[in-house]
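One structure is given here, and the rest of the page talks about it.
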Amino acid sequence: MAAAVRLSLRTLAQIAPGRSVEVRVPPFAAVQCIEGPRHTRGTPPNVVEMDPRTWLELATGILTWPDAMSTGKITASGNRADLAHHLPLLRL
């Protein structure tokens, strides 16, 4: 699971480069992504956090962003902390 989380978060950072949003999936990894104002110190204003299973379900399209938000599986703060446009990571 750790390897899948790390690889998929790296993929997100590649398809949505930037440093305005920090996506955290503890205890495995965190990445910064999405273009916009760059954050350099302290807690970023745009943070998304979730458990590994939720992240992998979002990344693969098993779970949608609105469903995950409405059920409280995601903690998101800031006006850029919406990853719906970037998920699922692979679209067939």
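The values are calculated or read from the model by the stated rules, or taken from the named source; none is laboratory data. None of the values given here were measured: they were computed from a predicted structure. Glycine gets a Cβ as well: all are built from the backbone with ideal geometry, and neighbour counts include every protein chain shown. Note: areas computed on protein heavy atoms with side chains; ligands, DNA, RNA excluded. Shrake-Rupley method; radii C 1.70, N 1.55, O 1.52, S 1.80 Å.
Exactly one residue out of Glu49, Glu22 is surrounded by 18 or more Cβ atoms within 10 Å (Cβ to Cβ) and among the acidic types (Asp, Glu): that is Glu22.
When Ala81, Ala68, Ala59 are checked against the criterion of being part of a loop (DSSP other than H, G, I, E, B) and open to solvent by less than 20 Å² (accessible area, probe 1.4 Å), Ala81 stands alone in meeting it. Pairing each residue of the stretch 15-37 that is more than 12 Å from Val48 (Cβ to Cβ) with any residue that is in a strand (DSSP E or B), provided the two are 6+ apart or on different chains, yields C-beta distances under 7 Å for Pro17/Cys33; Gly18/Cys33; Arg19/Gln32.
This table checks each residue for (1) charged (D, E, K, R); (2) open to solvent by 50 Å² or more (accessible area, probe 1.4 Å); (3) more than 18 Å from Arg91 (Cβ to Cβ).
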| site | (1), (2), (3) |
| --- | --- |
| Arg6 | yes, yes, yes |
| Thr11 | no, no, no |
| Ala16 | no, no, no |
| Pro27 | no, yes, yes |
| Gly36 | no, no, yes |
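Can you tell me which of (1) modelled with pLDDT under 95; (2) part of a helix (DSSP H, G or I) is the one Ser8 doesn't meet? Of the numbered conditions (1) modelled with pLDDT under 95; (2) part of a helix (DSSP H, G or I), the odd one out for Ser8 is (1). Figure legend. Inter-residue proximity from the stretch 43-56: first residues in contact (Cβ under 8 Å) with a residue 12 or more places away in the chain, second residues assigned to a helix (DSSP H, G or I) and of a type in the set (A, V, I, L, M), beta-carbon distance below 7 Å, spacing 6+ or different chains. Indicated pairs: Pro52/Val5; Thr54/Ala68; Trp55/Val5; Leu56/Ala4; Leu56/Val5.
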